[in-house]
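Engineer: Below is one structure. I have some questions about it.
The values are calculated or read from the model by the stated rules, or taken from the named source; none is laboratory data. Predicted, not measured: the structure shown is a model, and the values here were computed from it. As a convention, Cβ positions derive from the backbone with ideal geometry for all residues, glycine included, and neighbour counts pool all protein chains shown. Side chains are part of the model used for accessible areas, which takes the heavy atoms of the whole protein and leaves out ligands, DNA and RNA. Shrake-Rupley method; radii C 1.70, N 1.55, O 1.52, S 1.80 Å.
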Amino acid sequence: MNRIPVCEVIDQRPLADKDESPPPSSVFRPLIGDECSVTLMDVRLQAPLTDCGPSTWFNGTDRVLVFVLGEADCVVDRGLEAVVAGMRPGELREFCVGDGRGGRVNGRVRLSAVRKAAGGASWRGDDRLKLTEAARHKDVGNRLYGQGRFADAFHRFNRAARAVLFVRNVDAVRGDRDAMYTVVCNNMAACQLRLGNYEHARRLSGKALAVEPSNVKALVRRCQASAELRMFDGALVDAVRALDIEPGNVVAERYRDVAARGVDAQNARYGDMVKKMFA
């Protein structure tokens, strides 16, 4: 299975501050959606980054960086976010983050300031805003998927799914909520197929089908995943169902034939086994 890392924090530790900076605040740490101003110092690439190329965040040895916590689209950047999320304004830390595939970068980071996100309480109470946020993450995920960055796209689609699942009054927004949930589950399944994680793809397609049983994309993707897992009976059922709804679907036709051959081969092996048992 190709693991999808959210982030990889290899090491982090607070440092005694010799500069004349104000002491760390004891009031708060940054939350998702807050704007963080940090200074990166002594940045060193220990091993080549393979996830999404060298992050622009780490260009140069000393630099000031401003970002919204939770908006990173690269594993190493999300690692730095994880470090900063545990800091207080004014604090200095040493860090080492990775890309989940052997690449590493280390250095020091100071959290200079945090600007709290506006409207946090209203977002938590407004189901329409949650769906808007889900749509925003979905759109970013689509862009990343188009760039071939399937792990990073999955991360965004997962963020969209979580926003949908936090909807409180489901009945009031059921149509839009169900449509968004079906789309992002389908998109996550597509990412898992691309990454060769077929069992995860099959389960995610099943979640989409639990909401919309006639969704052709979900049927086809579950069929693909099942066929790759050699679960040919289920793959054949999904392929036939998809073709009943959308005749001529090329992918469904191809996997229907794959599944049919697989079922025939399995039945033949079973028949041979029974003959040997009673020979």
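Engineer: Take the solvent-accessible surface of the protein heavy atoms, probe 1.4 Å, and return the percent of it on region 164-266 that carbon and sulfur atoms account for.
Structural biologist: So the carbon and sulfur contribution to the accessible surface is 50 percent.
Engineer: Collect residues whose amide H, placed 1.01 Å from N in the peptide plane, falls under 5 Å from the amide H of Gln46; neighbours closer than 5 in sequence don't count.
Structural biologist: Result for Gln46 returns Arg104, Val105, Asn106.
Engineer: Which value, in Å³ per residue, describes the convex hull spanned by the Cα atoms of region 140-263?
Structural biologist: For region 140-263, the hull spanned by Cα atoms encloses 99 Å³ per residue.
Engineer: Which order do His155, His200 take when ranked by solvent-accessible area (1.4 Å probe, heavy atoms of all protein chains), largest first?
Structural biologist: Largest accessible area first, the residues go His200, His155.
Engineer: Taking the alpha-carbon set of region 142-215, what are its Rg and Dmax in Å?
Structural biologist: 12.4, 37
Engineer: Calculate the dipole size of region 130-261 relative to its Cα centre from +1 charges on Lys and Arg beta carbons and -1 charges on Asp and Glu beta carbons; express the result in debye to the nearest 20.
Structural biologist: The calculated dipole for region 130-261 is roughly 480 debye.
Engineer: Using +1 at the C-beta of Lys and Arg and -1 at the C-beta of Asp and Glu, which of Ser205, Phe166, Asn106 has the Cα lying farthest in the positive direction of the dipole of region 80-239?
Structural biologist: Ranked along the dipole, the leading option is Asn106.
Engineer: Dipole magnitude of region 157-211 about its Cα centre, charges +1 at Lys/Arg Cβ and -1 at Asp/Glu Cβ only, in debye to the nearest 20?
Structural biologist: My answer is approximately 140 debye.
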